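Student: Structure in structure tokens, see below.
The values are calculated or read from the model by the stated rules, or taken from the named source; none is laboratory data. Source: prediction; values computed, not measured. Positions of Cβ are generated from backbone atoms using ideal geometry, with glycine treated the same way; all protein chains shown enter the neighbour counts. Protein only, heavy atoms only, side chains kept; ligands, DNA and RNA dropped before computing areas. Shrake-Rupley method; radii C 1.70, N 1.55, O 1.52, S 1.80 Å.
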Amino acid sequence: MSSDPGWSSAVSAWLFSSSWWPLLPFVMLLVVAAFVVAFVLLLYMISPLISPKPLKLNGAHVVVTGGSSGIGKCIAIECYKQGAFITLVARDESKLVQAKKEVEKSAINDKQVVLCISVDVSKDYSQVESVIKQAQEKLGPVDMLVNCAGMSVSGKFEEVDVERFRGLMEVNYLGSVYPTRAVITTMKERRMGRVVFVSSQAGQLGLFGYTAYSASKFALRGLAEALQMEVKPYNIYVTVSYPPDTDTPCLTEENKTKPLETKLISETSGVCQPEQVAKVIVKDAVQGNFNSSVGPDGYMLSALTCGMSPVTSITEGLQQIVTMGLFRTIALFYLGSFDSIVRRCMIQREQSKAADKRE
């Protein structure tokens, strides 16, 4: 059956008519938008199929280092509320006893147990391995390890005692390596587990006054990425948390000696409560998310610094791709304001010195 030459001519005339061409960009935009929407919907449909299965905390054994105060204690309470058995690890035995009483108030059944172990997780690996073994003998294999032991020191690079650099690496980095090393073999044998490293937003970007602290927290990111690649085939998932300034005893102590520049920069993001941070960390760890951030600033930083870090779902990767340009633009304004703060403080300090000399 032959085609109608009149109809073909009409179509050709319409396609090549000058009145249609101005609509071409609009039509192309609609096609692209439709494709993007369909693609995103498809990703949301298939993401649950590739995401890790959530860990059930009811009856699970959770070990929390640095669990006697601050974020660590709040994480223990949050897990206990969900039915977990808790092992609290810290140096100060009196604080551990007090923390144990606070955690026990959140019990949901009479079978739950809170075990306390006093040990310095940054000094002697054999000792850490021994106490973790004791905890597993009493409460069973460790299902989730939360490395929350840490400390902070702020100050200008040349004013920070060199021993502080070594001390921070021992506590913040090795203090996470040793407990993780003590539990990872059993987790691999059981083909399940969660490991959490509590870093900091100062472990995502270097800030004035944190030359020692940031380096120790950045180290956790490298450890976590390499470890995740090793243990993922064993159904073990690693989470790195990047909390902002949080209202804890550690922050209170740090503020006593924090440089003015660091204080002014920190004030741009405010202070979070440890209970809020703990809920986010526990939720992300249970879900098996690699990155854990708090608030809009935290989300932006995690997207900006994702690099080659693993993703839990395709949608997470897509969100990072789409938002990267916008977030980088916003970050440049932040960096500009931080540089301005440092410059103003330097000028004020020099003017003050000059005034003192004249007097």
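Residue-wise test of (1) closer than 30 Å to M192 by Cβ; (2) in a loop (DSSP other than H, G, I, E, B).
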{"site": "L251", "(1), (2)": "no, no"}
{"site": "E261", "(1), (2)": "no, no"}
{"site": "E275", "(1), (2)": "yes, no"}
{"site": "V280", "(1), (2)": "yes, no"}
{"site": "A285", "(1), (2)": "yes, no"}
{"site": "N289", "(1), (2)": "yes, yes"}
{"site": "D297", "(1), (2)": "no, no"}
{"site": "M300", "(1), (2)": "no, no"}
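Student: Return yes or no: is G59 under 21 Å from S216 (Cβ atoms) and small (G, A, S)?
Tutor: No, not satisfied.
Student: Just to check your reading of the model, which residue among E261, E253 is over 30 Å from E189 (Cα atoms) and surrounded by fewer than 17 Cβ atoms within 10 Å (Cβ to Cβ)? I'd like the intermediate steps shown before the answer.
Tutor: Numbers: E261 fails: surrounded by fewer than 17 Cβ atoms within 10 Å (Cβ to Cβ).
Sole residue among the options that is over 30 Å from E189 (Cα atoms) and surrounded by fewer than 17 Cβ atoms within 10 Å (Cβ to Cβ): E253.
Student: Every residue in segment 19-34 that is in a helix (DSSP H, G or I), aromatic (F, W, Y) and either at pLDDT 70 or above or open to solvent by less than 90 Å² (accessible area, probe 1.4 Å) (or both), please.
Tutor: F26, the sole residue that qualifies.
Student: Please work out which residue is nearest to P259 (Cα to Cα), limiting yourself to segment 325-346 and to residues that are among the small types (G, A, S) and within 22 Å of the chain's Cα centre (by Cα).
Tutor: Step one: list which residues in segment 325-346 are among the small types (G, A, S), which gives 325, 331, 336-337, 340.
Subset that is within 22 Å of the chain's Cα centre (by Cα): 325, 331.
On the way: G325: 32, A331: 23 Å.
If we take residues in segment 325-346 being among the small types (G, A, S) and within 22 Å of the chain's Cα centre (by Cα), then A331 is nearest to P259 (Cα to Cα).
Student: A follow-up question, please. Got at least one residue in segment 311-333 being open to solvent by 40 Å² or more (accessible area, probe 1.4 Å) and outside any helix (DSSP H, G or I)?
Tutor: yes
Student: Could you say which residue among L168, L115 is within 16 Å of L223 (Cβ to Cβ) and not polar (S, T, N, Q)?
Tutor: L168
Student: Restricting the search to segment 132-174, which residues are under 23 Å from A285 (Cβ atoms), aliphatic (A, V, I, L, M) and at pLDDT below 95?
Tutor: Listed by number, the residues that qualify are A149, M151.
Student: Here's another thing I want to ask about it. Please pick out the residue among K353, K357, K283 that is surrounded by 11 or more Cβ atoms within 10 Å (Cβ to Cβ) and charged (D, E, K, R). Write out each step before concluding.
Tutor: Values: K353 fails: surrounded by 11 or more Cβ atoms within 10 Å (Cβ to Cβ); K357 fails: surrounded by 11 or more Cβ atoms within 10 Å (Cβ to Cβ).
So the residue among K353, K357, K283 that is surrounded by 11 or more Cβ atoms within 10 Å (Cβ to Cβ) and charged (D, E, K, R) is K283.
Student: Report yes if M187 is over 28 Å from V342 (Cβ atoms), of a type in the set (A, V, I, L, M, F, W, C) and either surrounded by fewer than 18 Cβ atoms within 10 Å (Cβ to Cβ) or free of Cβ contacts under 8 Å to residues at least 40 places away in the same chain (or both), otherwise no. Give the derivation first.
Tutor: Numbers: over 28 Å from V342 (Cβ atoms): yes; of a type in the set (A, V, I, L, M, F, W, C): yes; either surrounded by fewer than 18 Cβ atoms within 10 Å (Cβ to Cβ) or free of Cβ contacts under 8 Å to residues at least 40 places away in the same chain (or both): no.
Considered against the rule, which asks whether it is over 28 Å from V342 (Cβ atoms), of a type in the set (A, V, I, L, M, F, W, C) and either surrounded by fewer than 18 Cβ atoms within 10 Å (Cβ to Cβ) or free of Cβ contacts under 8 Å to residues at least 40 places away in the same chain (or both), M187 comes out as no.
Student: Also: Looking for whichever is in contact with a His (Cβ under 7 Å, 6 or more places away or on another chain) and charged (D, E, K, R) here; the options are D120, D124, D161, D143. Which one fits?
Tutor: On the way: D120 fails: in contact with a His (Cβ under 7 Å, 6 or more places away or on another chain); D124 fails: in contact with a His (Cβ under 7 Å, 6 or more places away or on another chain); D161 fails: in contact with a His (Cβ under 7 Å, 6 or more places away or on another chain).
Testing whether each residue is in contact with a His (Cβ under 7 Å, 6 or more places away or on another chain) and charged (D, E, K, R) leaves just D143.
Student: Mind counting the residues in segment 286-296 that are surrounded by fewer than 18 Cβ atoms within 10 Å (Cβ to Cβ) and under 12 Å from the mean Cα position of the chain (by Cα)?
Tutor: We begin by selecting, within segment 286-296, every residue surrounded by fewer than 18 Cβ atoms within 10 Å (Cβ to Cβ); these are 295-296.
Then drop every residue that is not under 12 Å from the mean Cα position of the chain (by Cα), which leaves 295.
Result for segment 286-296: 1.
Student: What number of residues within segment 264-273 are outside any loop (DSSP other than H, G, I, E, B) and farther than 20 Å from G70 by Cα?
Tutor: The number of residues fulfilling the criteria is 2.
Student: Give segment 121-163 a look and list any residue that's of a type outside the set (A, V, I, L, M), more than 21 Å from T185 (Cα to Cα) and surrounded by 15 or more Cβ atoms within 10 Å (Cβ to Cβ), or say none.
Tutor: Listed by number, the residues that qualify are G150, S152, S154, G155.
Student: On to the next question. Identify, from the list A212, A226, the residue that is in a helix (DSSP H, G or I), in contact with a Lys or Arg (Cβ under 7 Å, 6 or more places away or on another chain) and not polar (S, T, N, Q).
Tutor: None of the others qualify; the one that does is A212.
Student: Please work out which one of (1) more than 20 Å from L55 (Cβ to Cβ); (2) touching an Asp or Glu at 6+ places or on another chain (Cβ under 9 Å) is the condition V282 fails and give its number.
Tutor: (1)
Student: Restricting attention to segment 56-77, and to residues there that are of a type outside the set (A, V, I, L, M) and within 17 Å of the chain's Cα centre (by Cα), which single residue is nearest to K101 (Cα to Cα)? Break it down into steps so the answer makes sense when it comes.
Tutor: As a first pass, look at segment 56-77 and keep what is of a type outside the set (A, V, I, L, M): 56, 58-59, 61, 65-70, 72-74.
Now drop any that are not within 17 Å of the chain's Cα centre (by Cα), which leaves 65-66, 70, 72, 74.
Numbers: T65: 17, G66: 16, G70: 15, G72: 14, C74: 13 Å.
Step by step, filter segment 56-77, then rank; the result is C74.
Student: In segment 82-98, how many residues are open to solvent by 80 Å² or more (accessible area, probe 1.4 Å) and either in contact with a Cys (Cβ under 8 Å, 6 or more places away or on another chain) or not in a helix (DSSP H, G or I) (or both)?
Tutor: So the count comes out to 2.
Student: In segment 233-245, how many residues are part of a strand (DSSP E or B) and open to solvent by less than 10 Å² (accessible area, probe 1.4 Å)?
Tutor: Residues in segment 233-245 being part of a strand (DSSP E or B) and open to solvent by less than 10 Å² (accessible area, probe 1.4 Å): 6 in total.
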